[in-house]
Amino acid sequence: MKKNPPKTIQDVHDSGGLQEKNIGIVNLGCVRNLVDSQVILGQLKRQGHRIVSIEESDVAIVNTCGFIEDAKKESIDMIVDLLELKKQGKLKKVIVAGCLAERYSDELAKEFKDIDAIVGVQPLQKEGVADQELLTPGHFAYVKICESCYNQCSFCIIPRIKGKFVSRTMESVIEEVKQLDARRIKEIHIIGQDITAYGMDLYSEKSLARLLREIVSVTKNIQWVRLLYMFPAHITDELIETISGEEKICNYIDMPVQHISDHLLKAMNRNITKQQTVDLIKKIRNKIPNASLRTTFIVGMPGETQEDFLELGEFVKEARFEKVGVFVYSREEGTLAHDMPGQVSEQVKKERMDALMMVQQDISRGLQEKLIGQTLKVIVDGLQKGEDHVYLGRSEYDAPEADGIVYVHSKEELAPGDFVTVKITDAYEYDLVGEVI
Ligand code: SF4
């Protein structure tokens, strides 16, 4: 039982702990955390606070990530920096929120006595639309449709941090999408921990495909709907049909596979086999021939042998994913894998990560070069710094920040959110170059 259970922002406000006017936030971790930060700011603004930069703020909130070692370290470093600003009198208060706070509220309270409040993860509002202060550029937004997940992967601490799987009502999501559409947002990213489980709690069935058809039917300005974080074992034929049948839904399949050797998929509790994974990829490629498949792998999972790793390397060569992220296994207390035999050394993990990224780099360069001479629809994100006629853009195959960039040469002036047709003239491992036609 936690001695210092984390509060909510509302508790802090109601207890008079937030009299100061000017509030700033630092968002760490994933885009799901970003949405939580937007909701926190929306709430505070509604209560009369001014949302400002950290430099101008009296109160700094840091929305932390507590997922794996590196992320925890980054969050702790930020807390130390903000407490240093407080010591120098540049800040009046420091509030620590998010996953690290939820997971380690006791330890944080003991270690950092100068923290003014520890706030847990932002509860997902199931009904209606939460006020949000968007932290994304004005032409795209993230829509969080559910929280946590059912899957209990043995290496993952998230379900313990986020609690029970929760879906928002379809009415609530549709209302938010309509509001974003009315604000002339051009692109939305549908997020959660496992969006493919959407509706299993509320409607007793996987309802993402139905939700997507509804979203497409109510949007005018929104031209791209991108799906992030799909759990392979939960991807249905109906969902694949819907993605291939609805032009607005990006042919972008983000599904973390994590590994391919059967005994590791079992140890990870991924609820899928190698053959099922291979069949799923084949089905997606058949149904959506120009799909861009994005995935992530974890190397160094307890029990991973050199043979398992070589099997993964062969699979990556055969599957030819367009986008791949590789992570080293992070031993997290409170997870099943933490106590599994056959822990792999940090050095071997690092070697395997580098080796797998090298394999993927060649594949990625080859796939990118095939796009030279082709035309792509590109959304403009902004002007390339220091350049007059070069813009930063993305095709439907690129999620913001996670994937590559299309460098767009244009004689005409372009604005963020513009869609242009670009002829690709050059390609790198991850980025493309082209000109507006
Ligand atoms: S699907 Fe697995 S890895 Fe992803 S959040 Fe759920 S338990 Fe964690």
Taking the options 219, 196, name whichever one is at pLDDT 95 or above and within 16 Å of the ligand (Cβ to nearest atom).
196
Just to be sure, is residue 235 within 16 Å of the ligand (Cβ to nearest atom) and either buried (at least 20 other Cβ atoms within 10 Å of the Cβ) or not assigned by TED's automatic domain parsing to the domain that holds residue 159 (or both)?
yes
Any idea how many residues of segment 125-154 are open to solvent by 40 Å² or more (accessible area, probe 1.4 Å) and within 16 Å of the ligand (Cβ to nearest atom)?
2
Quick check, is residue 186 in the same structural domain as residue 217 (by TED's automatic domain parsing), in contact with a helix residue (DSSP H, G or I) (Cβ under 9 Å, 6 or more places away or on another chain) and open to solvent by 40 Å² or more (accessible area, probe 1.4 Å)?
no
Taking segment 200-212 and keeping residues within 16 Å of the ligand (Cβ to nearest atom) and open to solvent by less than 10 Å² (accessible area, probe 1.4 Å) leaves 208
Hits in segment 35-76 (condition: assigned to a loop (DSSP other than H, G, I, E, B), within 24 Å of the chain's Cα centre (by Cα) and of a type outside the set (S, T, N, Q)):
65, 66, 67, 68
Given the criterion β-branched (Val, Ile, Thr), on the phi < 0 side of the Ramachandran plot and touching a helix residue (DSSP H, G or I) at 6+ places or on another chain (Cβ under 8 Å), identify the matching residue among 420, 359, 390.
359
Test result for residue 178, more than 12 Å from the ligand (Cβ to nearest atom), buried (at least 20 other Cβ atoms within 10 Å of the Cβ), within 29 Å of residue 382 (Cβ to Cβ) and of a type in the set (Lys, Arg)
no
The correct count of residues that are part of a helix (DSSP H, G or I) and either farther than 16 Å from residue 314 by Cα or within 16 Å of the ligand (Cβ to nearest atom) (or both) in segment 264-278 is 6
Residues that are under 26 Å from residue 101 (Cα atoms), away from the ligand (no atom under 16 Å from the Cβ) and either part of a loop (DSSP other than H, G, I, E, B) or charged (D, E, K, R) (or both): does segment 161-171 have at least one?
yes
Sole miss for residue 254 among (1) surrounded by 21 or more Cβ atoms within 10 Å (Cβ to Cβ); (2) acidic (Asp, Glu); (3) out of contact with any Ser or Thr (no Cβ under 8 Å at 6 or more places or on another chain) is condition (3)
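The values are calculated or read from the model by the stated rules, or taken from the named source; none is laboratory data. Nothing here was measured: the structure is a model prediction, and the numbers come from that model. Please note: Cβ atoms are built from the backbone with ideal geometry, for glycine as well, and neighbour counts cover all protein chains shown. For accessibility, only protein heavy atoms count, side chains too; no ligands or nucleic acids. Shrake-Rupley method; radii C 1.70, N 1.55, O 1.52, S 1.80 Å.
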